[in-house]
Structure formats: structure tokens, C-alpha cells
Amino acid sequence: MAPALIERWRLHSEPGAFANGPNGIKSNRDLDPVPFKSEERKWTWPSLLGFWIAEAFSISMYQVASSSITKGLSPGLAILAVIVGHILVCIPAMLNGYIGCIYGINFPVLMRSTFGIWGAYFGVFVRGVVACIWFGTQSFQGGQCVASMIEAIWPSFKRFPNHIPISAHVTSAQLLTFFLFIIIQLPLLYLHVSKLRYLFMAKTIIMPIFGVTLFTWALVAAKGFGPTFAKGTHIKDGTPAVIVFFQCVTTTIGPKATLALNMPDFTRYAKYPKQVFWTQAVGLCVLVTLCGILGITVTSATQQVYGVLTWNPLQVSALWHNRAAQFFSSLCWMFAVIGTNISANSVSFSNDLSLWFPTWINARRGAYVCCFISIAATPWNIQYSAASFSAFLGGYAMFLGPIAGIMMSDFWVLRKRHLNIRSLYRNPDIYTFFHGFNLRAFAAFICAIAPNLAGLAKATGGRKVPKGATYIYSLSWLVGTVVAFVVYTVLGKIWPMEDKLEEDEHVVEGIDGSDRSERTQSEHEKGVYTGEKAVNF
């Protein structure tokens, strides 16, 4: 009975996948490349823009921007910090997303070309841990939405007895609604990535309408832009305004730092490479920024009208003293949290876990594992204040930035836009490097996080840390990205990496993104060439 049950849960690679063969690495359907004419390649520009709209309208994005106001920045500087942060993080998102579309591979497989066949496990572990923690944080926000909805229907829920110490940063009611949201979310985790475009399209319709309504209320209640944006910059703790500005830039980058790495998880289902480029720019730099502006506007207006400085949109809903408005506002925010959580976190973690356990974990199973592990992250400790939230974002961004810099240098500079797809699924092969580890990548990663370690110690409560280290840490993601890019490029020039073209010319024309001929590139842009011979499906 037991062996039969174990065999039933075992995953098997599709016939003809690259993993099959004498040197093949264990794989499964979610790790194999997606050919251009695959039925799963249905993402066009509406789906890609819908993805970013789904990302834009979320409580986290609202809080990222509004937390800048609580730190003392003026609304104008807070908006500028959001714009600068999104422009910076858009660069690796565009470049890495293009690789996913051209080659049809996801982030964990792409990691093999940078960190090595076995070193890739380190890269996906770093990103996977962040995705799992972030899933818990978003779910806790979803639980707050559920609590707000319940309070709108039954105001007595506000007096729900608490049996948990204040030091835990969570109440009994918050834990109850947190688990209620987890239960609500569970059925939607079953959706495959290729089907998520329907969820994105629904959010594309609902959330912009809600956002415009909320923005209009803020302007009307505060009597226009003048009173809303009249507040100047006032930093209470004496930190220079420029440092606080850079901290807010890094806080803006934080929620999108994971997506800058794992865009291939989604763009591998896109039909046209050109659309991957411009939709990233419009979606991230314009649409997501608009949600940040919404958070700043509403936070500033709430302070103007009610005299309350809050970074939580659900608290704003409660200040209206309108139970119907509070309920539907909380419902929209809950829907926003679900869309963001599934797209940005569960998909990322499930792909990462699939690389670790390809025989047992696919996208769906990994999503449920992510959900259950995220509970242990105690997300209420991250969410309880704007300071703790910002420290969390800056802390993990310093580890993701170096990976982004290494990825950009590897593909776009050193490899000149060429990958050998077959070698990504074989060991030994060119991506084995030194016993499966690319020492150049690990050296660049260590050099990139070194400048930020002292600042991280200060952010986590350390003492006697030089102010200069704190200033560097205010741009932890950017510093890590640039240092890793430079170090990895230099090491790659001094110590060149082995490379080889695909032996079968059809592989080059069907999958390769090196633009070797005008005809091949034209076929890529139109999404015409199937790539079937390349991936042997």
C-alpha cells in the first residue's frame, strides 16, 4: 500500500525532455522549457500589463509609499522616491524577463547558467526564503482585511477577547482572521501559472476603479492637491533628508526585488519578446507608481482631514464611519492581496522548491508548501509598524540585488545573449563549472553584500556602527547590484567561462536569443518559430 501511494505522488518528466539521457538532471514538466507554439504560450500584452496591475494595487505597495510619509518625507519627495525606485528595479526585470520569453525557461533553471548546476540551489534558496516570508506577510495583511470586513458587519468583533501578550505584536482576533484568510486563499493556489492571466484580468478591471474612487475621495476630502501636499519634510530623529530619501527608494524596490529575478517564471508563457520589454516599463514604472502615489495621497489626506497619520489603508476605511464603505473597501483590498500573493510569492517559491525536489514538487504542490511554511515566519512581527516593515524590505533587498547584478552581467555581457539550453539540463556539461559551482558568482555575491553588512547590523539593533555604513545601507539593493555586476564582469573577463553553441542549428534558430540572423530575430519577435526541434517535445 505504502509503495503504491508513494509512486502515485511521484512526478515524471515529459517524454523527450532534456533531462532524459545518460547525463540528464532530474526534472519535471514545470522545469522544462516552454516552446513558442506551446498551448501555454498565451500571454500577450494585456496579460503582461494585467500582471503589473495585479502587482500594483496591493496593501504592500500602498504601505511602501505611505511609510515614506510616516518617516517624515514630504509627499513630493515620497513620490519621487517611488519613481526612482521603480525605474531602477525595472532594468533587471526587463532584461531577465526577456530571457524567459526567448528560451522558455524559469528562474531556477536560469540560475544554473550563473551559479552552476549545484550552485543554483543557493540562488533559489535565497529567493525562495524571501518569497515564503513575503507570502506570510501578505497573508497577514489579507487577514487584516477579513477582520475589517467582519467589524463592518458585526462591530462587536472589535471587542474580541485577547489572550496573547502585547510583546507578541499580534492579538487573538488577528490570528483568527489570519487563518481565515489562509483558508480563503487555498483553492486559488491550485491555479497553474498559465491560467493566472484570468485572475490578473479580473483585478485589472476591479482595482483601477477602486483606486480612482479612493483617490477622488482623498482630493475632495482634503479640498484639492494644495492642502494634501502642503506638508513639508520633517525628520524627527535628525537623519539627513537625503539618507531618508534613499531609504525610501530601497523600500520601494523591496517588494519588486524578487520579481526582478523571477520574471522568467511568467514571461516564459509570453508569445512576443518585444511585448515583454515595453510592458515591464509601462507596468512597473507607470502603473505600480500610480498605486504608490495613491498611498501617499490618501495618507496625507487622512492626516489633513482626521489628524491621524496612518500607513494602513484599512485604518483609513475605519475612519470613514461608514460600515458599507468599510466592508467593500476591505473586500477590494483582500482581492488585491490574493492576486499579489499568488503571482509574486507562491509561484516563485513553488518553482524554487521544484528545483530542489523535482520528483515530488511541481508548481501546485509547491504553492501549498509555501502557504504552510509561511505561517512559521510570524509575519505580524514584520507588519506591526512602518519601521519594522521598512527594515524588513531593506534587509532582504541587500541579498537579492547581487543576484540581479550577476544575472545581468552573465547573459548580456559575458555570454553575449547566448545560452546552451541542453547543457542546462545535463551534468557534467559547460554549466558544471567547478564541481557544479561557479566560483565567480559566489565571489561576486560575497563582495556585493560586504558593504551592507554593517548597515544591516545597525538596522537590526546593533550599536557602535559608523554612520557611513548606515548611509551605504540606505541603498543596499543598488549597491549590491552594481558591485556584483562589476565584480562578476571583471572575473568573467579575467577567468573566461567555457561556452559552446548548440550542435543542432535548429536549436539556435528556435530557442537561442543571440540574434545571429535577421530572419531568426524576426521570427522571435513575431513568436512564429516553434522551438519544437530545440526542446525535442
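General observations
- Phi angles of the range 69-83 translate, via the Karplus equation with coefficients 6.51, -1.76, 1.60 and θ = phi - 60°, into HN-Hα couplings of 5, 5, 7, x, 6, 6, x, x, 5, 5, 5, 4, 4, 5, 5 Hz per residue; Gly and Pro are given as x.
- HN-Hα J in Hz across the range 122-135 - Karplus 6.51, -1.76, 1.60, θ = phi - 60°, x for Gly and Pro: 5, x, 6, 5, 4, 5, x, 4, 4, 4, 5, 5, 5, 4
- Peptide packing for 274-286, 258-270 was compared via the average number of neighbouring C-beta atoms within 10 Å per residue; ordered from the highest value, the list is 258-270, 274-286.
- Accessible area of the chain belonging to carbon and sulfur atoms, whole % at 1.4 Å probe: 67 percent
- When only alpha carbons of the chain are considered, Rg and Dmax amount to 23.4, 72 Å.
- Dipole check for the chain: with +1 at the C-beta of Lys and Arg, -1 at the C-beta of Asp and Glu, and the Cα centre as origin, the magnitude is about 1140 Debye.
- Bridgeable lysines around Lys493 (alpha carbons under 25 Å apart, same-chain partners fewer than 8 residues away excluded): Lys416.
- The stretch between Tyr471 and His163 holds 106.8 nm of extra length on full extension. This uses 0.36 nm per residue minus the Cα-Cα distance.
- Förster radius 41 Å - calculated FRET efficiency between Ala450 and Tyr368 (Cβ-Cβ, nearest 0.05): 0.65
- Alpha-carbon centroid distance for the pair the range 126-179 / the range 276-347, whole angstrom: 17 Å
- Cα-based convex hull, the range 81-235, per residue volume (Å³, whole number): 237 Å³
- Solvent-accessible area per residue for the chain (1.4 angstrom probe, square angstrom): 39 Å²
- Exposure check, 1.4 Å probe, all protein chains in place: Val487 carries approximately 40 Å² of accessible surface.
- Local net charge near Lys458, Cβ-Cβ under 10 Å (Lys/Arg +1, Asp/Glu -1): +3
The values are calculated or read from the model by the stated rules, or taken from the named source; none is laboratory data. Just so it is clear, the model here is predicted, and its values are computed rather than measured. Here the Cβ is made from the backbone with ideal geometry for all residues, glycine too, and neighbour counts use every protein chain on show. Calculation scope for accessible area: heavy atoms of the full protein, side chains included, ligands and nucleic acids excluded. Shrake-Rupley method; radii C 1.70, N 1.55, O 1.52, S 1.80 Å.
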